[in-house]
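Colleague: A single structure is presented below for examination.
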């Protein structure tokens, strides 16, 4: 027996030195002599754990456990094998037995909690982290992971307390600061989040995660120059780090800082071609008119974030007297989406449909929210709910059709749709592109937005509305203040081209085209909406390099929407951006009698203005090349009679245009809902 023990010890020494082959020779020799030795079986099991052969590890450790059921070393290692093999319930059960034997070991409780967290059973995870902390009050990582479980449970305030406790044990503990920033972002306490991110940068100036979260905070706070510095530091270390290239270019576009624009965009496209995720799908829409790449970028994103959870579960369709429609958005307040949709909610046929609103994101209850609630069968704020809780709520309410109004835009929760919350799921309005999500059944568009030849660029099946895909309210609140051109710095004798799109939509190619137009239209000025002084200076400098003086570009200050609509009428022609067109701004311009000149591309975002203009029978304002766009702008500048004819046509068609007929739009929308339900039910 002594010889057996000596050999066993020798094998263990080989194993400790990672000389697994020699250790295995000895263990196999010994197992032939005694296959019931629990210590030998334990050593074999742990060796196979070390070399990642988890099935053999499990076999040997189960044999050891059958012999010695109270050995916590065997139990804990067998739990590791089960965990590695995704048999987490068995792992938890074993660790709970270990707790009984070792009388509440905090490390074991911590492992149990981690397993519950990995299974998204956060209530049980929180309970076990708290038990571990009771036994070991200085357990820094238990506080960190407790905060993570609270964060995932949407208990953001509580999570901050836990993260603060974690860093109280080590003021250099960067993960604690990072997670506090994450929670503060969720609470929209951006200035506080920025202060905590400063602590990370002080500890490690080149920390990738610290610079990433600080860059994101700076982007939200419109500190674009600082965001650029953060993202550039990351790219020096890892040029393909998740989404950073796209964020860098996006921040630069807000400043109209076009230095290295072509190189950055070229790098982004190169990485997308290689299936590497370097840009958020929503940012990519404004940079290139390549719908095949838009689809690819969306699929890369969904495969990265959603692939593991894409169960695409079946939800049975229950035939009721009324059809239950659920609209999902974070924008059910004074926001462009609700402004467009309000009349649709009002006009839904309540004899056929129950309309539900599911809100998340910022919890607001302004006049728009209150008005919306009067049109709904029921309104649910689901911002604090887990995906499973939202799923259960939808099943409980028998939601037949779920409509996502966000896509990949800011504050989205597209993950709600990843498992399926309704028999039919539709992407509509908020996001002008494909989600790439295989659980999103349809996308709503029209024949101008997505002609049949371009439907291959969408993962969803395309549903076509007969008129424009964009709903609009019939009547908008327009200020009746008496104003003049001079009030806005506009010369009464000048021809006014305008562009009221966000400046991130303005590409250097398009701005260069506008400068060419102005050069051939010497008595013209360009009236623009710009969000920051740096962008304003950059645009003026660029214009000067093209021979256009600074006095010919007038920047409009931000004013309330009703005042903005009132002043829009001073413009002669609206110059649309490309590849991301004006959307709401285009319909507002036409409403105010200002012709919109657009360049139509292949992608959804580049065809929206064309669809809107088509509703006024003014297709002559839709161009297909930069040369045609330039020539049409110059023609409108030179030919006042032609421009007056177009404006008269605008005025004549405004009342009869389907664009502002929200009742007709809602009837057509409901027809589509009934058609897809009929198809699904059959």
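Read-outs throughout are calculated quantities, based only on the coordinates presented, and are distinct from any laboratory measurement. Just so it is clear, the structure is predicted and the values come from calculations on it, not from any experiment. Cβ atoms come from the backbone with ideal geometry, glycine included; neighbour counts cover every protein chain shown.
Colleague: Can you give me the C-alpha center-to-center distance between the range 1-43 and the range 394-435, rounded to a whole angstrom?
Modeller: Each part's Cα centre sits 57 Å from the other's.
Colleague: So, one more: Write down the Kirkwood hydrodynamic radius of the range 194-300, to one decimal in angstroms, obtained as one divided by the mean of 1/r over all alpha carbon pairs.
Modeller: After inverting the mean inverse Cα-Cα distance, the result is 14.0 Å.
Colleague: Follow-up question, since we're still on this one. Under 8 Å for C-alpha pairs, at least 6 residues apart: give me the relative contact order for the range 239-309, rounded to a whole percent.
Modeller: 34
Colleague: Sum -39500 (n - 2.57) across every DSSP H segment of at least 4 residues in the chain, then divide by the residue count to get the 222 nm mean residue ellipticity, nearest 500.
Modeller: -16500 deg cm²/dmol, from helical runs alone.
Colleague: Once fully extended, how much extra length lies between residue 222 and residue 546, figured as 0.36 nm per residue of separation less the alpha-carbon to alpha-carbon distance?
Modeller: Working: separation 324, 0.36 × 324 = 116.64 nm, distance 2.84 nm.
Taking 0.36 nm per residue and subtracting the Cα distance, the gain is 113.8 nm.
Colleague: May I pose another question? Note down the relative contact order for the chain as a percent, whole number, built from C-alpha pairs under 8 angstrom at least six residues apart.
Modeller: This gives 9 percent for the chain.
Colleague: Please compute the modelled spin-label separation between residue 649 and residue 119, points set 7 Å along Cα→Cβ, answer in nm with one decimal.
Modeller: So the two model labels end up 6.7 nm from each other.
Colleague: Which order do peptides 532-545, 592-605, 77-90 fall in by mean Cβ count within 10 Å, highest first?
Modeller: Highest to lowest by the protection proxy: 592-605, 77-90, 532-545.
Colleague: Then there's this: Taking 0.36 nm per intervening residue step and subtracting the Cα-Cα distance, what contour gain separates residue 141 from residue 84 on full extension? The partial results should precede the final answer.
Modeller: On the way: separation 57, 0.36 × 57 = 20.52 nm, distance 2.11 nm.
Extending this stretch completely gives an extra 18.4 nm.
Colleague: For the range 2-205, just say rounded, prolate or oblate: build the C-alpha gyration tensor, square-root its eigenvalues into a ≥ b ≥ c, call rounded for a/c under 1.5, and beyond that prolate if a/b exceeds b/c, oblate if not.
Modeller: Taking the square roots of the gyration eigenvalues as a ≥ b ≥ c, the range 2-205 is prolate.
Colleague: Between residue 270 and residue 39, with labels modelled 7 Å along Cα→Cβ, what's the label distance in nm to one decimal, could you check?
Modeller: Roughly 6.0 nm, to one decimal.
Colleague: Tilt of helix 291-305 relative to the longest C-alpha principal axis of the chain, in degrees (0 to 90, nearest 10)?
Modeller: 30
Colleague: First measure r as the distance between the Cβ atoms of residue 189 and residue 9, then evaluate 1/(1 + (r/R0)^6) with R0 = 56 Å and state the FRET efficiency to the nearest 0.05. Write out the running numbers ahead of the final one.
Modeller: Numbers: r = 58 Å, r/R0 = 1.04.
After rounding to 0.05, the efficiency reads 0.45.
Colleague: Checking the a/c ratio against 1.5 first, then a/b against b/c, what shape does the Cα gyration tensor give for the range 102-163?
Modeller: Numbers: a/c = 2.42, a/b = 1.35, b/c = 1.79.
Oblate.
Colleague: Rounded, prolate or oblate: which one fits the range 485-660, using the alpha carbon gyration tensor with axes a ≥ b ≥ c (rounded when a/c is under 1.5, else prolate when a/b beats b/c, else oblate)?
Modeller: Working: a/c = 1.38, a/b = 1.28, b/c = 1.07.
Judged from the Cα gyration tensor, the range 485-660 comes out rounded (a/c under 1.5).
Colleague: Then there is this: Could you give the length gained by full extension between residue 16 and residue 679, i.e. 0.36 nm per residue of separation minus their alpha carbon distance, to one decimal place?
Modeller: Gain on stretching residue 16 to residue 679: 232.3 nm.
Colleague: In what order do 335, 250 fall by count of nearby beta-carbon atoms within 10 Å, going from fewest to most?
Modeller: 335, 250
Colleague: If contacts are Cα pairs under 8 angstrom and at least 6 residues apart, what is the relative contact order of the range 2-205 in percent? Walk me through the numbers before you get to the answer.
Modeller: Working: 255 pairs, mean separation 18.3, N = 204.
After rounding, I find 9 percent.
Colleague: Rank the residues 296, 373 as a footprinting-exposure proxy: fewest other Cβ atoms within 10 Å of their Cβ go first.
Modeller: 373, 296
Colleague: Taking the simple approach of a point 7 Å from Cα along Cα-to-Cβ for both residue 263 and residue 206, what is their distance in nm?
Modeller: 1.9
Colleague: Moving on to the next point. Between helix 38-50 and the chain, what is the angle of the helix's C-alpha long axis to the longest principal axis, kept within 0 to 90° and rounded to the nearest 10?
Modeller: 30
Colleague: Compute the long axis of helix 533-545 from its Cα atoms, compare it with the longest principal axis of the Cα atoms of the chain, and write down the angle in degrees, 0 to 90, nearest 10.
Modeller: Value to nearest ten degrees: 60.
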